[in-house]
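What follows draws every value from the coordinates through simple rules; no lab data is involved. Note that this is a predicted model, so its numbers are computed, not measured. Please note: Cβ atoms are built from the backbone with ideal geometry, for glycine as well, and neighbour counts cover all protein chains shown.
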Ligand SMILES: Nc1ncnc2c1ncn2[C@@H]1O[C@H](COP(=O)(O)OP(=O)(O)OP(=O)(O)O)[C@@H](O)[C@H]1O
Ligand SMILES: [Mg+2]
């Protein structure tokens, strides 16, 4: 077996001086070149996990290693955010060059690579436009191009398509799959969308909330090159999505049970007194 | 049927046509606005005549007397000399406050501990009316140009400082996190993300500072050794030469307007990426 690229062991994260527990005992590995999705209801700590892997925050409990080391923002990692997060005062190409400059590429090379990447996401003609002149979907593509430009070993994606319309989302999913097939970096992909997770990934980590922890890790044994043979009409795909939905409904029932428990207590002690 | 598919859809307009329409509309609007402005100006001049006729020339000078005085003051060099003196104070005071204010603001905005320590002091000094410092400035720096420059600096420093500091401290956190995620260090983040993001706020601080500098210059020239346009103003006022007084006021108005317009222009140039096309 190959060494895991990313290893999380018993990771726990607390916020607000320990008052909010965001994650509890999360352990999983990501293998080199693997496409893995993190799925779960809102607030279960998906973004927090990505930030931990990126080295933007450190967990209070457990250990995280990326390529055998403590994670640190740097040349091996790149993030695509839910909103494009482009520098509005830089041109589209300037935004990509910004990330390349951080990797120490020299000036002439930066421009060339930026243009090449923009070509790859179909935005070469917009190299010298400013972000506000682009539609949301186009901006998101620039964010993707920026992350790909640095040729990361690990690509972290935080609901990158959630803010887009269904058509653009579908196009970008296919492009992402093709890009991944060509470059084979590891991808950690966060989404709310079960179908999207099954369609894209090789493995799905299902999380449950309060505190965020792993519910189940599901292997997606569907043939690759899914942009050619769309698996979404196959029985295997339906079985996987049904299984995931069952787990999520079970989570919701647990949640209801908790609410009922809360209902057993006198209301006054829970609600804030008026005025 | 085939004929119909070839022809452009009815109601389609060419780009050139649209541009021409837009240009025409803007032109028409421009003419209307300018016309209204000229009318208003003529109205003001007319009301000056009316006030002059009803209340006497001490209350309101006749516009043509103001014009005659202007011509005289400009041609004998009085106005030019005064303008030069005022501009010296204004420009030095403003540049000094721009440099110190934006540097200080960058430090306050960029380093939280510094701003937490200095916050009450900055607030206290900023809340003190600028005029309260005039006696102190006179004792420390005298009555001449240096003292006036210090007064202007003191007046314009705080708006620049505070705008710069808040612009940098409130720089878009998502963009800062993006920079960090791609491996940017503190200095890179500062120069490439926080500072550009704060630029609009810094520039509006500079614009406010410049406007205050003009006020500060006139106050300094009135309260310290009389000089420049402020001195000329005091001279005319003390002798009830209202036509001369108005001639100076007009120059001050033009000066203030020119400075603000210049900075607005700079703001627009630098913030070109914000303008939606
Ligand atoms: N900086 C922070 N300070 C305090 N609490 C935080 C912070 N970041 C996250 N949390 C808390 O941690 C939990 C997990 O947040 P996180 O943003 O990781 O969820 P998520 O799974 O990404 O949710 P969503 O799907 O809505 O984006 C939430 O309860 C949130 O309130
Ligand atoms: Mg999130």
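In table form, for the structure just shown:
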{"quantity": "Tail fraction, Cα-Cα pairs, the protein assembly as shown, threshold 44 Å, whole percent", "calculated": "44 percent"}
{"quantity": "Förster radius 30 Å - calculated FRET efficiency between residue B:91 and residue B:132, Cβ distance, rounded to 0.05", "calculated": "0.75"}
{"quantity": "Along principal axes, Cα extents of region A:1-131, largest first, whole Å", "calculated": "47, 36, 24"}
{"quantity": "Taking A:154, A:218 and counting other C-beta atoms within 10 Å, the order from fewest to most", "calculated": "A:218, A:154"}
{"quantity": "Pairwise centroid distance, computed over Cα atoms, of region B:107-158 with region B:202-230, Å", "calculated": "14 Å"}
{"quantity": "Helix-only CD estimate at 222 nm, as mean residue ellipticity for chain B, using -39500 (n - 2.57) per DSSP H run (n ≥ 4)", "calculated": "-27500 deg cm²/dmol"}
{"quantity": "Mean Cβ neighbour count within 10 Å, used as a protection proxy, ranking A:9-16, B:219-226 highest first", "calculated": "B:219-226, A:9-16"}
{"quantity": "Distance histogram for region B:63-273 (every C-alpha pair counted, 5 angstrom bins, percent rounded to whole numbers)", "calculated": "1, 7, 13, 16, 15, 13, 11, 8, 6, 4, 3, 2, 1, 0"}
{"quantity": "Calculated FRET efficiency for the pair residue B:17/residue B:121, C-beta based, R₀ 60 Å, to 0.05", "calculated": "0.45"}
{"quantity": "Degrees between helix A:136-149 axis and first principal axis of chain A (Cα, 0 to 90, nearest 10)", "calculated": "70 degrees"}
{"quantity": "Gaussian network model of chain A, Cα within-10 Å springs - most flexible of A:186, A:101, A:197", "calculated": "A:101"}
{"quantity": "Ratio of Rg to Rh over region B:150-225 (Cα coordinates, Kirkwood Rh, two decimals)", "calculated": "1.22"}
{"quantity": "Label point at residue A:115 placed 7 Å out along Cα→Cβ; residues across region A:122-147 whose backbone nitrogen lies under 13 Å", "calculated": "A:124-128"}
{"quantity": "Rounded tilt (10° steps) of A:107-120 against the dominant C-alpha axis of chain A", "calculated": "70 degrees"}
{"quantity": "Cα centroid separation - region A:31-100 against region A:137-191, whole Å", "calculated": "13 Å"}
{"quantity": "MRE, 222 nm, helices only [DSSP H, n ≥ 4, -39500 (n - 2.57), over chain A, to nearest 500]", "calculated": "-12500 deg cm²/dmol"}
{"quantity": "Relative contact order of chain B, defined on C-alpha pairs under 8 angstrom at six or more residues apart (%)", "calculated": "23 percent"}
{"quantity": "Relative compactness, region B:178-266, computed as alpha-carbon Rg over 2.2 N^0.38 Å", "calculated": "1.72"}
{"quantity": "Candidates A:72, A:34, A:109, ranked by Gaussian network fluctuation over chain A, Cα under 10 Å, top entry", "calculated": "A:109"}
